[in-house]
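Scroll down for the structure; my scribbles are underneath it.
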Amino acid sequence: MVDEQRLERLNGMLKRRGFLLPAFEIHGGSKGLYDFGPVGGRMRSKINQAWIDHWLGLGNVVELSCPTVTPYAVLEASGHVGEFSDFMTQCGSCQEASRADSLLEAHHPNPDALKRDELQSLLEAEKPPCPACGMTDWSEILAQNLMFNTTIGAGASGRPGFLRPETAQGMFTSFNALYRHFRERLPFGAMQVGKGYRNEIAPRQGMIRLREFNMAELEYFIDPESPADDDLSAWDTVSFALVPDGKKPVEMTLEVACQQGVIRHATVARFMGITYDFLAKVGIDMNRVRFRQHESDEMAHYAMDCWDAEIEGSFGWIECVGIAHRGCYDLESHEKATGKSLRARREFDEPRTTLVDAWTIDGATAGPAFKALAGQVKATVEGLPKSTTFPATVALENGETVVIEPEHVKPNQRTLKETGEWYIPHVVEPAFGIDRIIWHVLDHAYAEQEKNGEAYTVMQLAPAVAPVDIAVFPLFEKEGMDDAAAKIHQRLCGRPGTVSMYDGSGSIGRRYARADEIGVPQCITVDHQTLQDGTVTLRERDTGEQVRVPMDSL
RNA sequence: GCGGAUAUGGUGAAGUGGUUAUCAUCUGAGGUUUCCAACCUUAUGUCGUGGGUUCGACUCCCGCUAUCCGCACCA
């Protein structure tokens, strides 16, 4: 299925033409790190921008840019420190590193679930032999993390931190600023494109698994109690290839998938539709896209539903987008860790009133009687049922027992009125692996054709992602044609967002071929006639057709 | 991380324990050419890296790094 020779030719071309190159190659290179070259750099930024523009279409999202350097506490709260770690220990005799939980498998039913300290004491108690040399001299257990760790600040004041493994956490920790910005009305979203870092044990398959990668994520905050009435009618005519959890692939519209409960949440369905449109816009072959639902055992424990967009390319089916309904997990985690509220308010249709009919203390007598304990006494008394009779002997929160006399208490009757409540919003998160998408855009656009019996390659890139928008050629670099072409090139380059390329070397056919190979959609050629009547030929990449147009109309 | 393969101009390949490493292509310059990798002249640019063996290593040996393929890991 995988055509390895085509893959090699494609990789060679991408390197030769400056799309993708191994980073720091003159120093020997580094695994999992790539450069977007003179051609690829522009393409990456166009795809990033296209992604932002596409999702801005929701109308209620903003763009953020958060630091990549992230304090330890943030990623501890998010669960990354725990989830992304292996606990390693080193043999003092042969230096072989082993996973502590593997060593202790014989001594504990589930060592994977233990914390570092528990593993440490178990390791010291059991002294398992080193699988390499049989000795039992183990070093202290260290968390070997898949995140790049670093120190924020110098010397003794330095605090531990990581390079972020995803962009999402900065958006969660910014929730209160977002809430104010959106006038305290949900739903709303925040998105960002940027770098993420994972110190992969074995980066593989070129752009598919990198140590530093480009990602684009949207965190869309919703009220779990308001009905998900997302409009799916825009995709009524599109049959989606779906692979539901543990079932056979099916094809159906988003509307039907929602009605049948295949997709569990309408917002997830709508984002699948928007994702579909984005992939089509940047030139992915939509016949090679499917959406696969995470099976319950691979889904993160907090997620309520998760669909991956998978794209088929030279490496088979690769997950390129994840659309996850994450529930309230993230905001709740940061709330717990910081004690800060990350909530939204929901007003009730009707204010809710509750009648309180119980006891409270009489401050004038109970205060002097209980002094420092008065606060605890008050809390305890207010928790007593109305039927309590005094004097009563009660246990306080701190364990002390006190006797409460009738003169210490008085009836407490009042009406509590609540007009609304605070809740933790739920989050639907589309997360895009931009590098993987760029790879598949290139993979799908790469067309090996034949021209006059010779191999001919064209990058059939969509104009939205083409690294060069237009190329300008003088038919010959003399007799003023070169000057005329240079002027047109300058004028086009002066336009915001337009990249023009001037090329005057080699035969005209060679220049068309070079332009085709990096996917320039249109080429302009200046010839003798241009000098007389101001017209040029405009050539379309995909059809080869040429039309003569006045150069002022460009 | 384990196992296997590989590493020669920008790209793709050949080759050798001993003078100046070969070929194609690409790229630059000049010429020619009135629109799709044409042609002529000419130029630039290479043995991944560190050690060892040797009078001499791009070639043989070892380590490292990188790439590709399995397995494992990861999403």
Relative contact order of the stretch A:468-553 (C-alpha contacts under 8 Å, at least 6 apart) in percent is 31 percent
Starting from 0 in steps of 5 Å, tell me what percent of the Cα-Cα pairs of the stretch A:468-553 lands in each bin.
3, 16, 28, 28, 19, 5, 0
What chymotrypsin sites (Phe, Trp or Tyr not before Pro) in the stretch A:1-49 are in a loop by DSSP, with at most 14 other Cβ atoms within 10 Å of the Cβ?
A:Phe24
Taking trypsin sites (Lys or Arg not before Pro) as candidate sites, keep only those in a DSSP loop with at most 13 other Cβ atoms within 10 Å, then name the longest stretch of chain A containing none of them.
A:248-339
Leading residue at positive end of dipole, chain A (Cβ point charges), from A:Asn452, A:Pro430, A:Trp138
A:Asn452
Of the listed pairs A:Lys15/A:Lys195; A:Lys195/A:Lys247; A:Lys336/A:Lys410, which have alpha-carbon separations greater than 27 Å here?
A:Lys195/A:Lys247; A:Lys336/A:Lys410
Kindly provide the helix-only [θ] at 222 nm of chain A, computed as the sum of -39,500 (n - 2.57) over DSSP H runs of four or more divided by all residues, to the nearest 500 deg cm²/dmol?
-8000 deg cm²/dmol
Between A:Phe162 and residues 5 or more places away or on another chain, which pairs have amide H atoms under 5 Å apart, with H built 1.01 Å from N, and which residues are they?
A:Thr70, A:Tyr72, A:Thr150
Carbon-plus-sulfur fraction of the accessible area of chain A, 1.4 Å probe, in percent?
49 percent
Cross-link candidates for A:Lys378: which aspartates and glutamates have Cα within less than 20 Å, leaving aside residues fewer than 8 places away along the same chain?
A:Asp357, A:Asp362, A:Glu397, A:Glu400, A:Glu405, A:Glu407
Length-normalised contact order for the stretch A:339-430 - Cα pairs under 8 Å, 6+ apart - percent
48 percent
Which value, in Å to one decimal place, does the Kirkwood hydrodynamic radius take for the stretch A:301-421 when every pair of different Cα atoms is included?
19.6 Å
Amide H to amide H, which residues 5 or more places from A:Glu63 or on other chains are under 5 Å from it, using H placed in the peptide plane?
A:Met191
What list of ³J(HN,Hα) couplings, whole Hz, do you get for the stretch A:512-519 from phi and the Karplus terms 6.51, -1.76, 1.60, once you set θ to phi - 60° and write x for glycine and proline?
4, 5, 4, 5, 4, 5, 9, x
With every protein chain present, what accessible area does A:Ser65 have (1.4 Å probe, heavy atoms only), rounded to the nearest 10 Å²?
110 Å²
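Could you give the accessible area per residue of chain A, probe 1.4 Å, as a whole number in Å²?
For chain A, the per-residue accessible area is 50 Å².
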What's the percent breakdown of Cα-Cα distances in chain A across 20 Å bins, shortest bin first?
16, 37, 30, 12, 4, 1
What aspartates and glutamates sit close enough to A:Lys31 to cross-link, taking a C-alpha to C-alpha distance under 12 Å and skipping anything fewer than 8 places away on the same chain?
A:Glu200, A:Glu212
So, for the Cα atoms of the stretch A:410-554, Rg and Dmax in Å stand at 27.0, 106
Tell me, what is the percent relative contact order of chain A, built from C-alpha pairs under 8 Å that lie six or more residues apart?
12 percent
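The values are calculated or read from the model by the stated rules, or taken from the named source; none is laboratory data. Everything numeric in this text was worked out from a predicted model, so none of it was measured. So basically every Cβ, Gly included, is an ideal-geometry build from the backbone, and we count neighbours across all protein chains shown. The area values use the complete protein model at the heavy-atom level, side chains included, leaving out ligands, DNA and RNA. Shrake-Rupley method; radii C 1.70, N 1.55, O 1.52, S 1.80 Å.
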